[in-house]
Amino acid sequence: MLLCGLATYPLLPGWSYRNMWWVTNNANGAYAARGVHGQAIYIDPKAEMVIVRYASHPYAANAANDPVTLPAFAAVAKELMK
C-alpha cells in the first residue's frame, strides 16, 4: 500500500502521488504510472488486473486522455469483479 498526500491535479480528485505512482485511493487500491503522451500502466490489485496503454498523443498533456481512459480502466476492473 502506497501512503502519500493528496495531489492537487484537478483531473484526479482524491488521487495521491508518490514515488512516480499515482494512487487512486479507491476501494480497490488501484494505482497507475502515467506518461505525458498518454502512456499508462494501471494496476488494480482487487480486480487482479493490469492494463498497459502504449500511446503517442501529439500533445504532452494528460488532460486530453484522462477523461476517457481513466473511467475506462475503472469500468474494466468493475466488470472483471462481477
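Taking the listed residues A40, A33, the one that is in contact with a Lys or Arg (Cβ under 6 Å, 6 or more places away or on another chain) and either modelled with pLDDT of 95 or more or of a type in the set (A, V, I, L, M) (or both) is A40, with no other qualifying. Being assigned to a loop (DSSP other than H, G, I, E, B) and touching a strand residue (DSSP E or B) at 6+ places or on another chain (Cβ under 9 Å) is the filter here; which residues of segment 14-34 pass it? G14, W15, M20, T24, N25, N26, N28, G29, A30 - these are the residues of segment 14-34 that are assigned to a loop (DSSP other than H, G, I, E, B) and touching a strand residue (DSSP E or B) at 6+ places or on another chain (Cβ under 9 Å). Cβ-Cβ contacts under 8 Å between residues 6 or more apart (or on different chains), taken from a first residue in segment 63-76 that is closer than 17 Å to N28 by Cα and among the acidic types (D, E) to a second residue that is modelled with pLDDT of 90 or more and not in a helix (DSSP H, G or I), are absent. The listed residues are K46, K78, and the only one of them that is more than 14 Å from W21 (Cα to Cα), modelled with pLDDT of 95 or more and assigned to a helix (DSSP H, G or I) turns out to be K78.
Within the option set A60, A72, A40, A32, being surrounded by fewer than 16 Cβ atoms within 10 Å (Cβ to Cβ) and within 11 Å of the chain's Cα centre (by Cα) holds for one residue only, A72. Can you tell me which residue is surrounded by the fewest Cβ atoms within 10 Å (Cβ to Cβ) among those in segment 6-21 that are more than 15 Å from A61 (Cα to Cα) and among the hydrophobic types (A, V, I, L, M, F, W, C)? Within segment 6-21, the match that is surrounded by the fewest Cβ atoms within 10 Å (Cβ to Cβ) is M20.
Of all residues in segment 43-57, those satisfying the criterion of being of a type outside the set (A, V, I, L, M, F, W, C) and surrounded by 10 or more Cβ atoms within 10 Å (Cβ to Cβ) are D44, P45, K46, E48, R53, H57. Quick check on V50: is it more than 12 Å from the chain's Cα centre (by Cα) and β-branched (V, I, T)? No, not satisfied. If the condition is being farther than 17 Å from W15 by Cβ and of a type outside the set (S, T, N, Q), then segment 54-74 contributes Y54, A55, H57, P58, Y59, A60, A64.
The values are calculated or read from the model by the stated rules, or taken from the named source; none is laboratory data. Worth saying up front: this structure is predicted, and the values here are computed from it rather than measured. Methodologically, a virtual Cβ is constructed for each residue, glycine included, from the backbone with ideal geometry; neighbour enumeration extends over all protein chains shown.
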